[in-house]
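J.: Sharing a structure below in structure tokens format, with a few things to ask.
The values are calculated or read from the model by the stated rules, or taken from the named source; none is laboratory data. Everything numeric in this text was worked out from a predicted model, so none of it was measured. Cβ placement follows ideal geometry from the backbone for every residue including glycine, while neighbour counts extend to all protein chains displayed. These accessible areas exclude ligands, DNA and RNA; they are computed on the full protein's heavy atoms, side chains included. Shrake-Rupley method; radii C 1.70, N 1.55, O 1.52, S 1.80 Å.
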Amino acid sequence: KLHSDLDKGVGTVKYTLSGDGAGTVFTIDETTGDIHAIRSLDREEKPFYTLRAQAVDVDTKKPLEPESEFIIKVQDINDNEPRFLDGPYVASVPEMSPVGAYVLQVKATDADDPTYGNSARVVYSILQGQPYFSIDPKTGVIRTALPNMDREVKEQYQVLIQAKDMGGQLGGLAGTTTVNITLTDVNDNPPRFPKSIFHLKVPESSHVGSAIGRIRAVDPDFGKNAEIEYNIVPGDGGNLFDITTDENTQEGVIKLKKPLDFETKKAYTFKVEASNLHLDHRFHSVGPFKDTATVKINVLDMDEPPVFSKPIYTMEVYEDTPVGTIIGAVTAQDLDAGSSSVRYFIDWKNDVDSYFTIDATEGTIATNELLDRESTAQYNFSIIASKVSNPLLTSKVNVIINVLDVNEFPPEISVPYETSVCENAKPGQVIQIITAADKDLSPAGQRFSFKLSSEASNKPNFTVHDYRNNTAGIETRRNGYSRRQQELYFLPIVIEDSSYPVQSSTNTLTIRVCRCDSDGTIQSCNVEAIFLPVGLSTGALIAILLCIVILLVIVVLYVALRRQKKKDTLMTSKEDIRDNVIHYDDEGGGEEDTQAFDIGALRNPKVIEDNKIRRDIKPDTLRFPHHRPPAEDNTDIRDFINQRLKENDADPSAPPYDSLATYAYEGNGSVAESLSSIDSLTTEADQDYDYLSDWGPRFKILADMFGEENYNPDKVT
């Protein structure tokens, strides 16, 4: 209620209301000043309103008192239940946890005013989930309430949590949420075999490394806690088998390490141990986390192919052995209980196999053709043995036959030698070292001997010195040789081997007489060179002449280019456009008169070449030798130049009459420097032209024109 002291109750005062909610939430009786709420209020939507009231005169409408501000605060009532904003919840706790193990903390929010009454004071309780879990009524922390909860018994729990305001008293509002709790696995169970003995039947024909059976131990745990490792306990029969773990099924896969033979042993027995890989020390007291089972393997008899006595057969035979000679035999037998006869035959693959035959019953191998070691030194083929009772059961073995050498070829000089001797050779000088080769397969320690033939040993030219290491040296026996008398010598050399029977051959070595210097270096071995005069050869003379001609041509070209360059320079200097504009005593017709002179001389050559693109160049600032103190600028000339510059700058095709580029070509290399007054620091009236008389006869006219005292620059064009 609002009331003014000036209100006498006679209806002369009117009350007004403004601010938050005025007219929409609150209204005021203009006569009595009573404030009423015209709709329901929600503290959670707006906890307070700021209003302004004023009393005014009914007749004059003027305020009787200053405007006053007041706040209407909405008082809270318990109209909001607690809410779990993050629910429903998911949590986990390890199995076998002790009582009071932390699981999760839940939180409910009440929108009511926590500072007024108990409307926002929340208390937590469990409606469903006891006696497994408990909750703190104030904090909402959920803990385990029973010890040793086993995941293998029950894994999932659903707990219903209630949050009630008003401190849990009667009449309070409540909200609920669900918490899904999962017991996580720990390794609290050892692996166990479902039975103590496993029986397996394995054919004796099983391949080494193949899987012959599977066994499994059961572990109720989950994940890595259920991973099992299998091992064979050392003992009888365990060395023939191996066991590994299938990571997908956690089964023990038994594999064969060695071949099985029913005729040798029909059964094997060994033990297998299963244990966990990841142990938990908290449960060691429960007992050993492993189990043992017995595996019995019965070997099944199979109809097997014949077995050779050796994995490979190696035989030797001399070349040229008569056809039909037996060189060896292979043996295979049936090891099964009902032994069967064996038949042999060669596995024909190519024509080489036709050099030998085999007896189908005895397995003896004989030659079928004459053998030549120099053609084929070794034969490699396969023999197949099959059972008479079951021809489909076969086995194969490789046979290697080495052909032994018979000494049938004589030794010869290994390579053709190009032997030469100097005309000035001395007696006893070694001119060549020779070696020998034999097509026969030389046995270890075989040696060759070298000597001259009987007809050559009587000649006093050369001799052979056998070094006893399968090499020999050719030595001279004369003091000097003459090419004019004899250019070539043919030396017959007899070479013998040490095998039986002894083979020998006579080899002719050609020796050429050459001209050498004093150090023994060969200079010429041709007969024609004897008759050539001492001096340069024809080819060398031709090469020298060609070099001289090329040098002369280069010199002539260089001189011609130099002359041409000098001539071009002189012509260019004479035609320089900068020297054309020199007639300063000739009065022109003004800027509009373009017929009085060649306007092209004032053009910038670079502008013409670059498609009339303006390339103005600002000239360097030139200073006169003598000048007077600066005076006031000529305003008319400056305005005229600026106007012309703007007109020409706007027209890119116009020739640069007043452009700075035109005067860039004036005065280069001249002692008088530039004659242009553009960009000068002073006006023409301020210049002292007496120095023109010091520049010589060429500037006499200029000195007379500009040196007069009554000179008026305004009359000069």
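J.: Is it the case, given these coordinates, that Asp359 is open to solvent by 30 Å² or more (accessible area, probe 1.4 Å), farther than 30 Å from Glu263 by Cα and charged (D, E, K, R)?
T.: No: the conditions fail for Asp359.
J.: Can I ask one more? Surrounded by 12 or more Cβ atoms within 10 Å (Cβ to Cβ), part of a strand (DSSP E or B) and modelled with pLDDT of 85 or more - does that describe any residue in segment 73-82?
T.: No, because not a single residue in segment 73-82 is surrounded by 12 or more Cβ atoms within 10 Å (Cβ to Cβ), part of a strand (DSSP E or B) and modelled with pLDDT of 85 or more.
J.: While we're looking at this one, here's another question. Looking only at segment 218-261, filter to residues that are open to solvent by 40 Å² or more (accessible area, probe 1.4 Å) and acidic (Asp, Glu); which one of those is modelled with the lowest pLDDT?
T.: My answer is Asp236.
J.: Scan segment 290-307 and tell me whether some residue there is touching a Gly at 6+ places or on another chain (Cβ under 9 Å), loosely packed, with under 15 Cβ neighbours inside 10 Å and modelled with pLDDT of 90 or more.
T.: no
J.: From Leu104, Leu51, grab the single residue that is open to solvent by less than 20 Å² (accessible area, probe 1.4 Å) and in a strand (DSSP E or B).
T.: Of the residues listed, the single one that is open to solvent by less than 20 Å² (accessible area, probe 1.4 Å) and in a strand (DSSP E or B) is Leu51.
J.: Within segment 116-164, considering only strands (runs of 3 or more DSSP E) that don't extend past its boundaries, which have at least 1 residues that are surrounded by fewer than 18 Cβ atoms within 10 Å (Cβ to Cβ)?
T.: Values: elements: 123-128, 133-135, 141-144, 156-164.
Per the criteria, 123-128, 141-144, 156-164.
J.: Give the number of residues within segment 6-23 that are open to solvent by 40 Å² or more (accessible area, probe 1.4 Å) and without any contact (Cβ under 8 Å) to a residue 40 or more places away in the chain.
T.: Taking segment 6-23 as the starting set, the residues that turn out to be open to solvent by 40 Å² or more (accessible area, probe 1.4 Å) are 6, 8-12, 14, 16, 20, 23.
Among the residues that remain, those that are also without any contact (Cβ under 8 Å) to a residue 40 or more places away in the chain are: 8-10, 20, 23.
Counting residues in segment 6-23 that are open to solvent by 40 Å² or more (accessible area, probe 1.4 Å) and without any contact (Cβ under 8 Å) to a residue 40 or more places away in the chain gives 5.
J.: Among the residues in segment 229-243, are any under 20 Å from Asp280 (Cβ atoms) and either acidic (Asp, Glu) or free of Cβ contacts under 8 Å to residues at least 40 places away in the same chain (or both)? Before you say what the answer is, go through the steps one by one.
T.: Residues of segment 229-243 under 20 Å from Asp280 (Cβ atoms): 229.
Remaining after also requiring either acidic (Asp, Glu) or free of Cβ contacts under 8 Å to residues at least 40 places away in the same chain (or both): 229.
Yes: segment 229-243 contains one or more residues that are under 20 Å from Asp280 (Cβ atoms) and either acidic (Asp, Glu) or free of Cβ contacts under 8 Å to residues at least 40 places away in the same chain (or both).
J.: Related question: I'm checking my understanding of the structure. Among residues of segment 314-331 that are open to solvent by less than 80 Å² (accessible area, probe 1.4 Å) and not in a loop (DSSP other than H, G, I, E, B), which one is nearest to Tyr344 (Cα to Cα)?
T.: Among those residues, the one meeting the criterion is Ala329.
J.: A further question on this structure: Given the criteria under 26 Å from Leu260 (Cβ atoms) and either open to solvent by less than 40 Å² (accessible area, probe 1.4 Å) or polar (S, T, N, Q) (or both), does Ile215 qualify?
T.: Here the answer is yes, as Ile215 does meet what is asked.
J.: Name the pairs: first residue in segment 464-485 and under 13 Å from Gln429 (Cα atoms), second residue among the aromatic types (Phe, Trp, Tyr) and in a loop (DSSP other than H, G, I, E, B), Cβ to Cβ under 8 Å, at least 6 apart or on different chains?
T.: Gly473/Tyr467
One line per residue, one yes/no per condition, for (1) among the aliphatic types (A, V, I, L, M); (2) under 60 Å from the mean Cα position of the chain (by Cα); (3) under 30 Å from Thr364 (Cβ atoms); (4) open to solvent by less than 70 Å² (accessible area, probe 1.4 Å):
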residue	(1), (2), (3), (4)
Ile383	yes, yes, yes, yes
Val399	yes, yes, yes, yes
Pro416	no, yes, no, no
Val421	yes, no, no, yes
Gln432	no, yes, no, yes
Glu455	no, no, no, no
Asn461	no, no, no, yes
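J.: Name the pairs: first residue in segment 689-706 and assigned to a helix (DSSP H, G or I), second residue loosely packed, with under 13 Cβ neighbours inside 10 Å, Cβ to Cβ under 6 Å, at least 6 apart or on different chains?
T.: Tyr691/Pro625; Tyr691/His626; Ile701/Asp585
J.: Counting just the residues of segment 83-101 that are open to solvent by 70 Å² or more (accessible area, probe 1.4 Å) and in a loop (DSSP other than H, G, I, E, B), which one comes out nearest to Leu146 (Cα to Cα)?
T.: Val99
J.: Among residues belonging to segment 502-542 that are charged (D, E, K, R) and exposed (fewer than 15 other Cβ atoms within 10 Å of the Cβ), point out the one that is modelled with the lowest pLDDT. If you could, list the steps in order and put the result at the bottom.
T.: Pass one, segment 502-542, residues charged (D, E, K, R): 512, 515, 517, 519, 528.
Keeping just the survivors that are exposed (fewer than 15 other Cβ atoms within 10 Å of the Cβ) gives 517, 519, 528.
Working: Asp517: 88, Asp519: 82, Glu528: 48.
Out of the qualifying residues, it is Glu528.
Residues checked against (1) out of contact with any Cys (no Cβ under 6 Å at 6 or more places or on another chain); (2) hydrophobic (A, V, I, L, M, F, W, C):
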| site | (1), (2) |
| --- | --- |
| Ser420 | no, no |
| Lys426 | yes, no |
| Lys451 | yes, no |
| Thr463 | yes, no |
| Arg478 | yes, no |
| Ile493 | yes, yes |
| Asp497 | yes, no |
| Ser505 | yes, no |
| Val513 | yes, yes |
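J.: Which one of the conditions (1) modelled with pLDDT of 90 or more; (2) out of contact with any Leu (no Cβ under 9 Å at 6 or more places or on another chain); (3) among the basic types (Lys, Arg) does Arg282 fail to meet, given that it meets all the rest?
T.: Answer for Arg282: the failing condition is (1).
J.: Look at Phe345 and say whether it is open to solvent by 70 Å² or more (accessible area, probe 1.4 Å), modelled with pLDDT of 85 or more and within 17 Å of Val399 (Cβ to Cβ).
T.: On the way: open to solvent by 70 Å² or more (accessible area, probe 1.4 Å): yes; modelled with pLDDT of 85 or more: yes; within 17 Å of Val399 (Cβ to Cβ): yes.
Answer is yes for this residue.
J.: Further question on the same structure: Sort out which residues of segment 365-381 are farther than 17 Å from Ile346 by Cβ, out of contact with any Ser or Thr (no Cβ under 9 Å at 6 or more places or on another chain) and either open to solvent by 50 Å² or more (accessible area, probe 1.4 Å) or among the hydrophobic types (A, V, I, L, M, F, W, C) (or both), and write them in order of number.
T.: Asp372, Glu374, Ser375, Ala377
J.: Now a separate question. Name, by its number, the condition in (1) of a type outside the set (Gly, Ala, Ser); (2) within 46 Å of the chain's Cα centre (by Cα); (3) over 30 Å from Gln158 (Cα atoms) that does not hold for Thr292.
T.: All conditions pass for Thr292, except number (2).
J.: So Asp57 ticks every box in (1) among the charged types (D, E, K, R); (2) over 30 Å from Tyr116 (Cβ atoms); (3) without any contact (Cβ under 8 Å) to a residue 40 or more places away in the chain but one. Which box is left unticked?
T.: Tallying (1) among the charged types (D, E, K, R); (2) over 30 Å from Tyr116 (Cβ atoms); (3) without any contact (Cβ under 8 Å) to a residue 40 or more places away in the chain, Asp57 fails exactly one: (3).
J.: Give me a count of the residues in segment 187-212 that are open to solvent by 20 Å² or more (accessible area, probe 1.4 Å) and under 48 Å from the mean Cα position of the chain (by Cα).
T.: 7
J.: Here's another thing I want to ask about it. Of a type in the set (Val, Ile, Thr), assigned to a strand (DSSP E or B), open to solvent by 70 Å² or more (accessible area, probe 1.4 Å) and modelled with pLDDT of 85 or more: is that true of Ile474 in this structure?
T.: It is false that Ile474 is of a type in the set (Val, Ile, Thr), assigned to a strand (DSSP E or B), open to solvent by 70 Å² or more (accessible area, probe 1.4 Å) and modelled with pLDDT of 85 or more.
J.: Here is a further query. Could you tell me which of the residues Thr178, Thr184 is in contact (Cβ under 8 Å) with a residue 24 or more places away in the chain, closer than 26 Å to Asn80 by Cα and within 55 Å of the chain's Cα centre (by Cα)?
T.: Selected residue: Thr178, the only one of Thr178, Thr184 that is in contact (Cβ under 8 Å) with a residue 24 or more places away in the chain, closer than 26 Å to Asn80 by Cα and within 55 Å of the chain's Cα centre (by Cα).
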